1. Using a Förster radius of 25 Å, what is the FRET efficiency between R111 and R219 based on their Cβ-Cβ separation? Nearest 0.05, please.
2. At 1.4 Å probe size, with the rest of the protein present, what percent of the exposed accessible area of the stretch 166-236 is carbon and sulfur atoms?
3. With a cut-off of at most 16 other beta carbons within 10 Å, and DSSP calling the residue loop, which trypsin sites (Lys or Arg not before Pro) in the stretch 170-236 qualify? Please list them.
4. Could you calculate the contour length gain from L193 to H134, that is, 0.36 nm times the residue separation minus the distance between their Cα atoms, to one decimal place in nm?
5. Determine, for each peptide in 161-172, 55-66, 87-98, the mean count of other beta carbons within 10 angstrom over its residues, then list the peptides with the highest first.
6. State, as an integer percentage, the relative contact order of the chain based on alpha-carbon contacts under 8 Å between residues 6 or more apart.
7. In Å², what does the accessible area per residue of the stretch 1-123 work out to with a 1.4 Å probe?
8. Among T154, A179, S83, which residue has its Cα furthest toward the positive end of the charge dipole of the chain, with +1 on Lys/Arg Cβ and -1 on Asp/Glu Cβ?
Amino acid sequence: MRESDWPGEERRYPPLTSPTWAVRAPLAAWLEQQAQNGERYRVLDVGCGPKPYYPFFAERASEYVGVDVVDNPAAELRGPVESLPVEDGSFDVVLCTQVLEHCDDPAQAVRELRRVTAPGGRVLASTHGVQWYHPSPVDYWRWTQEGLRRLFSTNADWRELEIEPSGGTTACLAMLVGAYVELGLRRLGAQSLARGPVWLLNRSAAALDRRSRLLGEVRPGSLTANFHVVATVAPS
């Protein structure tokens, strides 16, 4: 199957006309880069949905297994992130993208992610800093950088823990404004008219964030749409 035929292309290559571009574009770029680290690794995709990021890992992964909490024909396994139906240390790369905000027990989720990761392996997680309410089926949590560091560091042992913002304050603001522009026009039956304003908001915000280092940093007063976490397990 060609990559363009694989489900989820709008997540791998989100258009600037999407209100969620500030989350999805950096996330896809980050995962594509992370996929280049190593080869012949086993991947567990937790909360896999249609496995939109599988094409990034396909050439290097010896196995790619999806697990989801709901009945999902794309998933090989079914179970919640707090109780993954796999053996200890059985996967080299464990993906957990945009799942933690929906789970019942984030601390137990982190313990499970660590449990199923092989020595020397990595957990690649992402979750929201700022986002509108989006039950899927529930929506519980938002984090700061320090909150995520505490969540991961107090619930598992890691050799390395990296937590980075996915974008700057201006991009986050553009995301919020663009979402409500689209929502308002959708309610008026004119959703297509949102494409131009959303494109302009996303493009302008990205340019402003690139020009100012301060806008991209986590500091008092900043807004961050999403965070990326790389948690590495020590080798045996």
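1. For R111 and R219, the calculated efficiency is 0.25.
2. 60
3. R213
4. 18.9 nm
5. Highest mean packing first, the order is 161-172, 87-98, 55-66.
6. Details: 472 pairs, mean separation 51.5, N = 236.
Computed value for the chain: 22 percent relative contact order.
7. Per residue, the stretch 1-123 has 44 Å² of solvent-accessible surface.
8. Of the listed residues, the answer is A179.
The values are calculated or read from the model by the stated rules, or taken from the named source; none is laboratory data. Just so we're clear, the structure is a prediction, and the values are computed from it rather than from any experiment. Glycine gets a Cβ as well: all are built from the backbone with ideal geometry, and neighbour counts include every protein chain shown. Protein only, heavy atoms only, side chains kept; ligands, DNA and RNA dropped before computing areas. Shrake-Rupley method; radii C 1.70, N 1.55, O 1.52, S 1.80 Å.
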